[in-house]
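Working notes, beginning with the structure itself.
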């Protein structure tokens with residue numbers, strides 16, 4: 001593909017984060033139309049048909065018709081099915097909840113956060129729960145009560161009802177968490193309380209890791225107060241509800257994430273849209289976190305220099321995703337950099353280089369041979385998101401576009417750093 005060199009692109013002037021063309025351009029007015037009727041039991045045959053529907057959606061995603069991308073599409077469908085089984089079936093009993101991972105290193109979707117370990121548990125709006133265990137030492141820890149479900153096919157269908165982070169909970173690293181969720185404050189002898197609501201549907205725990213090698217994950221359990229033991233056999237009614245939600249996940253959910261990815265890929269090349277923190281937090285995003293979402297475009301003989309001055313905030317990260325809105329594999333590739341990992345230049349600017357070959361700079365971002373993809377920048381606790389600049393130029397001209405004192409990273413140093421990164425990422429997700 002021919003390109004003009006060099007060229008500079010700032011923030012896109014496309015619609016903002018509340019615009020339906022980005023979030024849910026064809027989302028229905030009545031979300032209940034996406035849920036299977038209670039009188040229509042779901043069978044595995046109907047799930048198989050829903051998988052075929054999801055397969056047709058994935059096949060329509062704009063990607064080269066090559067063996068590599070066909071394999072990537074097939075893998076994404078399998079991962080998306082696994083995530084749906086987790087959040088809709090296997091970990092969807094609000095009477096006897098168990099924390100599960102609705103997304104992780106092996107199960108990415110929805111442009112997940114590469115620094116984050118997500119834990120998911122279902123809730124009943126009229127019930128009281130207790131969450132206990134060591135909080136770990138992640139840079140950021142929060143607990144969020146939500147209505148709706150990610151299966152419903154619209155960002156607006158998921159609503160944040162209440163949330164608390166480690167600071168509000170008064171939890172130092174590795175301190176024990178003892179949290180009552182729902183009911184009246186003081187109904188149990190738990191040390192902390194988080195309000196719930198009759199519309200509550202699930203609990204989301206986020207842990208953001210800055211120093212991947214040293215920070216440790218939480219070890220949490222959740223129980224419904226007043227539950228009777230042992231766990232009874234599954235009921236046909238409960239299983240039908242779970243399978244109905246899985247079918248919705250494979251139909252409406254798959255459509256939503258395809259729309260989201262397509263929306264950001266349709267922006268001008270190498271540009272982002274800034275999402276205000278309050279807008280994201282209303283619909284299941286982390287409270288107080290601003291987002292920049294967009295895309296990257298980089299041919300094999302090119303480099304894209306990304307520049308911004310990081311704001312004063314608790315946690316920030318720049319991450320790349322593929323066409324399916326999966327985070328590009330981040331353990332064995334440096335496809336993301338956060339505020340702890342990144343090296344700022346002497347002027348305080350973060351300059352990263354997207355390139356298909358290692359350019360020998362500290363802030364190399366590896367796109368895993370994807371010439372087109374998505375990007376996500378997250379700034380937790382920032383008043384404003386920065387205005388990033390993308391500069392696309394021939395790879396051979398890269399050094400002229402960087403400060404003279406930009407350090408050189410040799411092959412041996414890179415290999416050692418990547419080994420540490422790989423081991424740290426795998427350790428975070430070890431079960």
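So, in the stretch 202-223, exactly how many residues are surrounded by 21 or more Cβ atoms within 10 Å (Cβ to Cβ) and over 15 Å from residue 116 (Cα atoms)?
The number of residues fulfilling the criteria is 3.
Check every one of the strands (runs of 3 or more DSSP E) wholly within the stretch 327-431 and list those with 1 or more residues that are in contact with a strand residue (DSSP E or B) (Cβ under 9 Å, 6 or more places away or on another chain), without any contact (Cβ under 8 Å) to a residue 60 or more places away in the chain and in the same structural domain as residue 312 (by TED's automatic domain parsing).
Qualifying strands (runs of 3 or more DSSP E): 336-338, 350-355.
So which residues in the stretch 65-101 are under 19 Å from residue 233 (Cα atoms) and within 21 Å of the chain's Cα centre (by Cα), if there are any at all? Reasoning before the result, please.
Filtering the stretch 65-101 for residues under 19 Å from residue 233 (Cα atoms) gives 85-86, 88-98.
Across the stretch 65-101, the qualifying residues are 85, 86, 88, 89, 90, 91, 92, 98.
crowded, with 18+ Cβ neighbours inside 10 Å and outside the structural domain of residue 361 (by TED's automatic domain parsing), is that true of residue 291?
No, not satisfied.
Scan the stretch 56-68 for residues that are outside any loop (DSSP other than H, G, I, E, B) and surrounded by fewer than 17 Cβ atoms within 10 Å (Cβ to Cβ) and jot them down. Let's see the steps before the verdict.
The first filter runs over the stretch 56-68 and keeps only residues outside any loop (DSSP other than H, G, I, E, B), leaving 56-59, 67-68.
Of everything in the stretch 56-68, those that are outside any loop (DSSP other than H, G, I, E, B) and surrounded by fewer than 17 Cβ atoms within 10 Å (Cβ to Cβ) turn out to be 56, 59, 67, 68.
Inspect all residues belonging to the stretch 234-247 and state whether any of them is under 23 Å from residue 289 (Cα atoms), crowded, with 22+ Cβ neighbours inside 10 Å and in the same structural domain as residue 44 (by TED's automatic domain parsing).
So the first thing to find is which residues in the stretch 234-247 are under 23 Å from residue 289 (Cα atoms), and the list is none.
No.
Checking residue 113 against (1) touching a helix residue (DSSP H, G or I) at 6+ places or on another chain (Cβ under 8 Å); (2) under 20 Å from residue 319 (Cα atoms); (3) crowded, with 21+ Cβ neighbours inside 10 Å: exactly one of these is not met. Which one?
The number of the failed condition is (1).
Quick check on the stretch 118-132. Is at least one of its residues under 26 Å from residue 425 (Cα atoms), buried (at least 17 other Cβ atoms within 10 Å of the Cβ) and touching a helix residue (DSSP H, G or I) at 6+ places or on another chain (Cβ under 6 Å)?
Within the stretch 118-132 (the criterion being under 26 Å from residue 425 (Cα atoms), buried (at least 17 other Cβ atoms within 10 Å of the Cβ) and touching a helix residue (DSSP H, G or I) at 6+ places or on another chain (Cβ under 6 Å)), the answer is yes, since at least one residue qualifies.
Would you call residue 141 more than 25 Å from residue 85 (Cα to Cα) and in a strand (DSSP E or B)?
On the way: more than 25 Å from residue 85 (Cα to Cα): yes; in a strand (DSSP E or B): yes.
Against the criterion (more than 25 Å from residue 85 (Cα to Cα) and in a strand (DSSP E or B)), residue 141 qualifies.
crowded, with 20+ Cβ neighbours inside 10 Å and at pLDDT 95 or above: which single residue out of 366, 405 fits that description?
Just a single option satisfies the conditions, and that option is 366.
The values are calculated or read from the model by the stated rules, or taken from the named source; none is laboratory data. Given the structure is predicted, the values throughout are model-derived calculations rather than measurements. Here Cβ is always computed from backbone atoms with ideal geometry, including for glycine, and neighbour counts include all displayed protein chains.
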